[in-house]
Amino acid sequence: LMTLISASSALIKRSKKGWRYPVTLFLSTNILLAGCTMAPKYHRPAASVAPQWPKSAALPAADNTSMKPHPMAADLGWQDFFKDARLKALITIAIRENRDLRSAIQAIGEAQARYRVQRASLLPAIGGTGEVMYQQPSGKSGLSFAPGVGEDIPRFHYYSMGIGFSSYEIDIFGRIRSLSKEAAERALMQEETARGTLITLISQVANSYIAWLADRETLNLAEESYQAAKRNLDLTQALLDHGEASLLTVNQAETLFQQKADLREQAKRQMAWEENNLVLLIGQPLPDNLPPPLPFGEQNIIEDLSPGLPSDLLENRPDIRAAEHDLKAANADIGAARAAFFPRLSLTSSVGNSSLKPSQIFTTAANTWGFQPELTVPIFNWGQNRANLRISKAERDMKITAYQKAIQSAFRDVSNALVGRDTYRREEVALTQAAAKAENNWNLARLRQTQGSDSAITMLNYEQTYYQAEYQAIQNRVARYQNLVTLYSALGGGVKEKAVSLDKTDKAAHSAH
């Protein structure tokens, strides 16, 4: 560093235009030396998960016979995954109006602006100055003026103008570049966080919509069950009036009627709650011009998604990519903490004109320049730099743990969804068969009641059994559809594009890092 300063001074003395050469020398030196940083070389931590999915997470057996390759969730946009026109319209509105997503996108702009602010520190901040000074000293001040100014002139006039920069740090040990790298990774992390928020929003709208469809079916079923219980109560009351039923039978019918009335109110309340949840998710009241929904059970959600390998999650899951960018930012911060142990070289330089007369300020004789390098060497800071380095390393270690946990959580989410895909299907087959048998028993009981072989109470009991079987089938179907949506989002589906939204300049700077 002292050699550079000496060489610059020699150039100043030998050159008629000496101010240009030292500035060029220092800027060139900065460009050559600042390419390196003291940050540790980044190595992606090992993923502490199994290399394969559980055996119970195989593709549906019915689909394995097809020669068509199974689609990957990350390559399937939500417009292709969902077929219901009403659901697509709701998702479109949510992407445009949801406040959580809007806040996440706004956070991207803030993070990118912080990156640009930090990156600007790599270059000197050049500014212009202008100064005019008028001074009237007292006759007893004993001041001496510049040559050429007679003692009979009591006033002192001074004019100057110039351009330059001050306290520009030459990033020899990469401290500023490490901080710039950290800010860039924070911006990329925020983009992945926003992308994850988008995928979560899409799955939330889909799951809420599926629950709303199920609530409609449940409400219709509850209404039918309520009407059946009312008929049962009217019938038993009529039998009591004719002396063919006991008061105990009537009380049982009244109890059943009240229970069904309560279930109907619960279904109404649940449906209203789900509508309110949809309003919150889409960020506005439900429009009146939405397309009609497909009947529940005809959503045609793709089931044969290929899970790929667990290692694919590292590239397909935004939360994992965000955790890795966070880790890289912590790794870069170590470089800045290490560079604090070494000297800092800053530079102040200016060039301009100055004169005692405004008419001479633009003449060659009025040219002026200044060049001031400054070297700061840390000697005693009572362990502050060492403590900051330990903090940076501890934060890096915590980010490694968070990154590995994000991978493990993603592995669990996908494994659970894959297991649920198969078990929910088998459960649906069993519940559908049970509901069909219950309906058949109810029809037989009605026939026997018409023929006088069974009582009306027996027939109504079979009717209630049928309604209960249908209710269980609805609950299973909504769980199966929601599990498919969860699998789609857990595999990183919802957004095809993975490119960052930094502009070309930012991309080039990030690549240089």
Report task. Six or more apart or on different chains, Cβ under 9 Å: which pairs go from a residue in region 268-288 that's free of Cβ contacts under 8 Å to residues at least 40 places away in the same chain to one that's outside any helix (DSSP H, G or I) and surrounded by 12 or more Cβ atoms within 10 Å (Cβ to Cβ)? Could you list them? Result -> Val279/Leu286; Leu280/Asn98
Report summary line: So, first residue touching a residue at least 40 places away in the same chain (Cβ under 8 Å) in region 327-354, second residue among the hydroxyl-bearing types (Ser, Thr, Tyr) and part of a helix (DSSP H, G or I), Cβ within less than 6 Å, six or more apart or across chains; the pairs are Leu327/Tyr403; Ala332/Ser178; Asp333/Ser392; Ile334/Ser392; Gly335/Ser178; Ala336/Ser178; Ala337/Ser392
Report task. Check whether at least one residue in region 240-249 is at pLDDT below 85, among the charged types (D, E, K, R) and outside any helix (DSSP H, G or I), and report yes or no. Result -> yes
Query raised in the report: Do we find a residue being loosely packed, with under 12 Cβ neighbours inside 10 Å, at negative phi and touching a residue at least 24 places away in the same chain (Cβ under 8 Å) anywhere in region 375-397?
Result: yes
Query raised in the report: Is it fair to say Glu265 is open to solvent by less than 70 Å² (accessible area, probe 1.4 Å) and charged (D, E, K, R)?
Result: no
Query raised in the report: Can we say Lys230 is open to solvent by 50 Å² or more (accessible area, probe 1.4 Å) and within 40 Å of the chain's Cα centre (by Cα)?
Result: no
Query - Residue ID - nearest to Gly196 (Cα to Cα), chosen from residues in region 64-91 that are open to solvent by 70 Å² or more (accessible area, probe 1.4 Å) and in a helix (DSSP H, G or I) - result: Asp75
Report task. Using the structure shown, decide if Asp319 is assigned to a helix (DSSP H, G or I) and acidic (Asp, Glu). Result -> yes
Query raised in the report: Within the set of pairs 6 or more residues apart or between chains, which connect a residue that is more than 16 Å from Ala366 (Cβ to Cβ) inside region 149-171 to a residue that is of a type in the set (A, V, I, L, M, F, W, C) and at pLDDT 55 or above with Cβ atoms less than 6 Å apart?
Result: Phe165/Ala125; Phe165/Ile126; Tyr168/Leu347; Ile170/Leu345
Query - Residues of region 354-366 satisfying the condition of being open to solvent by 30 Å² or more (accessible area, probe 1.4 Å) and touching a Ser or Thr at 6+ places or on another chain (Cβ under 7 Å) - result: Ser354
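Count, please, the residues in region 326-340 that happen to be in contact with a Leu (Cβ under 9 Å, 6 or more places away or on another chain) and hydrophobic (A, V, I, L, M, F, W, C). Give the derivation first.
As a first pass, look at region 326-340 and keep what is in contact with a Leu (Cβ under 9 Å, 6 or more places away or on another chain): 328-329, 332-338, 340.
With the extra rule that they be hydrophobic (A, V, I, L, M, F, W, C), the set shrinks to 329, 332, 334, 336-337, 340.
Counting residues in region 326-340 that are in contact with a Leu (Cβ under 9 Å, 6 or more places away or on another chain) and hydrophobic (A, V, I, L, M, F, W, C) gives 6.
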Query raised in the report: Only one of (1) at pLDDT 90 or above; (2) closer than 30 Å to Ile457 by Cα; (3) open to solvent by 80 Å² or more (accessible area, probe 1.4 Å) fails for Pro285. Which number is that?
Result: (2)
Report task. Return yes when Arg114 is out of contact with any strand residue (DSSP E or B) (no Cβ under 6 Å at 6 or more places or on another chain), modelled with pLDDT of 90 or more and either surrounded by fewer than 17 Cβ atoms within 10 Å (Cβ to Cβ) or not in a helix (DSSP H, G or I) (or both) and no when it is not. Result -> yes
Requested in this report: Return a yes/no flag: does region 330-352 have any residue that is crowded, with 18+ Cβ neighbours inside 10 Å, among the hydrophobic types (A, V, I, L, M, F, W, C) and over 33 Å from the mean Cα position of the chain (by Cα).
Outcome: yes
Query raised in the report: Hey, does region 408-422 have a residue that's modelled with pLDDT under 90, assigned to a loop (DSSP other than H, G, I, E, B) and out of contact with any Pro (no Cβ under 6 Å at 6 or more places or on another chain)?
Result: no
Report summary line: Of the residues in region 491-513, those that are open to solvent by less than 20 Å² (accessible area, probe 1.4 Å), modelled with pLDDT of 70 or more and in a loop (DSSP other than H, G, I, E, B) number 3
Requested in this report: Name, by its number, the condition in (1) over 56 Å from the mean Cα position of the chain (by Cα); (2) closer than 25 Å to Ala94 by Cβ that does not hold for Leu239.
Outcome: (2)
Requested in this report: Could you tell me whether region 162-180 includes any residue that is at pLDDT 85 or above, acidic (Asp, Glu) and closer than 30 Å to Gln482 by Cα?
Outcome: no
Query - Scan of region 461-490 for residues that are open to solvent by 10 Å² or more (accessible area, probe 1.4 Å) and under 25 Å from the mean Cα position of the chain (by Cα), ordered by number - result: Tyr481, Gln482, Asn483, Thr486, Ser489
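Report, by residue number, each residue of region 229-248 that is closer than 19 Å to Lys260 by Cα and among the charged types (D, E, K, R). Write out each step before concluding.
Narrowing region 229-248 to residues closer than 19 Å to Lys260 by Cα: 229-237, 248.
Within region 229-248, Lys230, Arg231, Asp234 meet the criteria.
The values are calculated or read from the model by the stated rules, or taken from the named source; none is laboratory data. Predicted model only: the values in this text are computed from it and were never measured. Neighbour counts run over all protein chains shown; Cβ positions are idealised from the backbone, glycine included. Ligands, DNA and RNA are stripped out before the accessible areas are found, and what is left, the full protein with its side chains, is counted by its heavy atoms. Shrake-Rupley method; radii C 1.70, N 1.55, O 1.52, S 1.80 Å.
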